[in-house]
1. Would you mind telling me the antiparallel percentage of the DSSP bridges in chain A, rounded to 5?
2. Divide by every residue of chain B the summed helix terms, -39500 (n - 2.57) for each DSSP H run of at least 4, and state the resulting mean residue ellipticity at 222 nm, rounded to the nearest 500 deg cm²/dmol.
3. Please identify the longest segment of chain B free of exposed chymotrypsin sites (Phe, Trp or Tyr not before Pro), where exposed means a DSSP state other than H, G, I, E or B and no more than 13 other Cβ atoms within 10 Å.
4. Take the Cα of B:Ala84, step 7 Å along the line toward its Cβ, and report every residue of region B:61-75 whose backbone nitrogen sits under 20 Å from that point.
5. Arrange the following residues from fewest to most other Cβ atoms within 10 Å of their Cβ: B:Thr158, A:Thr17, B:Thr174.
6. Per 0.36 nm of contour for each residue apart, how much would the distance between A:Trp47 and A:Asp3 grow if the chain were fully extended, relative to their Cα-Cα spacing?
7. Between helix B:189-220 and chain B, what is the angle of the helix's C-alpha long axis to the longest principal axis, kept within 0 to 90° and rounded to the nearest 10?
8. Where is the GNM fluctuation largest for chain A (alpha-carbon springs, 10 angstrom cutoff): A:Gly107, A:Gly97, A:Gly63?
Amino acid sequence: MTDRPKILVVDDEPQLTRVLRTGLKSRGYDVRAAADGLAGFEAFNDWHPDLVITDLAMPNVDGLELCKRLRAVSQVPIIVLSAKGEEKTKVEALDLGADDFITKPFGIDELLARVRASLRRANAPPMNEATQSTLDSGDFHVDLESRAITVREKPIHLTPKEFDLLVYFIKHAGKVLTHRTLLAALWGGNYVEQNEYLRVFVGNLRKKIEPDAATPRYILTEPWIGYRFDPDPVS
Amino acid sequence: MRRSVLDQRWAAYAVAALSVFALTLLLKIVGTHVNAATVSLALLLNVLFIATRWGSLPALFTSILAMLCFNFFFLPPFGTFTIAATDNWVALLAFLVTAVTAGQLSASARRRAEEAETGRREIERLYAELRDAFERASHAEALRQSEKLKSALLDAVTHDLRTPLTSIKASITTLLDEARGEPPVPLDSDSRVEMMEVIDEEGDRLSRFINGLIELARIEAGELHLRRRWGAVDEIISTALTRAEPITRNHHVELQVEKELPGVRVDERAVSEVVYTLIDNAAKYSAKGSTIRITARRSGEELIEMGIEDEGPGIPSELRERVFDKFFRATRDGDVTTHKPTGTGMGLAIAKGIVEAHEGRIWIESGNGGKGTRVLFTLPIGDEDVELVLND
């Protein structure tokens, strides 16, 4: 038995799995590889990894189907490897339960940073909304009962919808949130196509919480996909 | 469009009056030789002419004028508008009725002809518009299809470029991190070698892919310049087999070359490339330890038929044409669900281009007993006279 975090890499490109296996092992992770979604799902059931990195385009069971199958049985963090131009598939994967994505070609450091962030989120103690009255995340402190928020210890005034949006971002910090996910969570299932609502509210929120709304540090745009909230950016 | 003077309304009446007066004058000059019936027929003809050319009102005007002239000049007593004999009254009345009726009928026929002509022109115009609209629509559809195809090709190309690039970049950055030592990366020598091997292999893969793209572009542009010479089929196969030795090491290769095969006048390098591609595919898509069978035989008087057969999963019949399309891969894009390594999707397209440039044909069948894949292609043996002439 080992205490090293276990990572399952699922990709049909043997060269890439060789590199990722070696690169991740050298950073202290325990790594296994599978050549397609079907083998990946079997390896997951046998080995119970702490994180899954999967390609999207694969024979047999592809990355999307693997995300779906994994989410049906587990909350394991999933990072999707995708190529530029696959935005639609990427959004689909995130909507199906993937936590993050990384666009090919990527450097090992970027992948490692995403792996660390995903594992950190997965290991963080769960938020108990029924009993928890405050949220602390990086530069943000939220009192859920009085609906008061401070950013960098300065109180800010938010409208009810802006407050809900920011709380949602804080609760899902670091995770890529698709437009669809945010709209469904904040406005309900009938509004998932109304991206303009989101643009307006994110714009207003940025004006109130960002030091410079033109170059946001907290609410980061993932082009064509959605947003990612970083509560504690490296300045 | 400018209307001519004759199309003016006043011109119709002027011509009507002039024609009646001219005809009356002419009839008067030859008066001794014409009777009242001839005069009335001549004047009626004039009414018909005016009606046909200018319509009903000028025709009516002509009829009345003709009736007055007929009465004044040709019915006794001449030079007056009175009529002596009762039968002449009847003749004059009959003339008037006939002139008016004929004029109106003729004008009506002209109107209908004009309407029919207008209708015909309208139909022609609508037809032309419809044809233009169809042409525009089919052009737009062709453009859309072409854009779709371009986009699919671009996706395929970028995927094939990006995948090896990803392995190279991930390997390089791992090695760089280790070299910089911040944070320290404990990479053993085996791992270092493995990273470098991956970089080397993926570099070769990129190079192969780019060479394939260049070859395909040449074939599509019709710039595949074949250097045809007389060569032996077994030598072509032998060259390809030597090159394919590293990839066929784990397979049994069986050679069935018919005895006393004639030489073929082909570009040996290009045909050897086709054989190599087919052996490479056979090795890639069949299990280790299985047999790859290479055959060559005469097919009729003018052709040599070569075949490469494997014992892999085979290609479904509905995909056997499509696998020759560039960037199409049966194991990734088609319905073959078994997991096998995928190629660039260019090998068979290039092979087809080379075979067809030799006026040959390439196709796919099932292997022995309906299992596996057999790729066959034919090559014309070549015309010995051409060679003799060239040698002379």
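Nothing in this text is a laboratory measurement; each read-out follows from the coordinates by a stated rule. Everything numeric here is computed off the predicted structure, so don't read it as measured data. We place every Cβ from the backbone using ideal geometry, glycine too, and count neighbours over all the protein chains shown.
1. The antiparallel proportion sits near 50 percent.
2. Estimated from H runs of four or more residues: -21500 deg cm²/dmol.
3. That gives B:82-392 as the longest site-free run.
4. Inside the label zone: B:68-75.
5. B:Thr158, A:Thr17, B:Thr174
6. Length difference between fully extended and current span is 14.5 nm.
7. 30 degrees
8. A:Gly107
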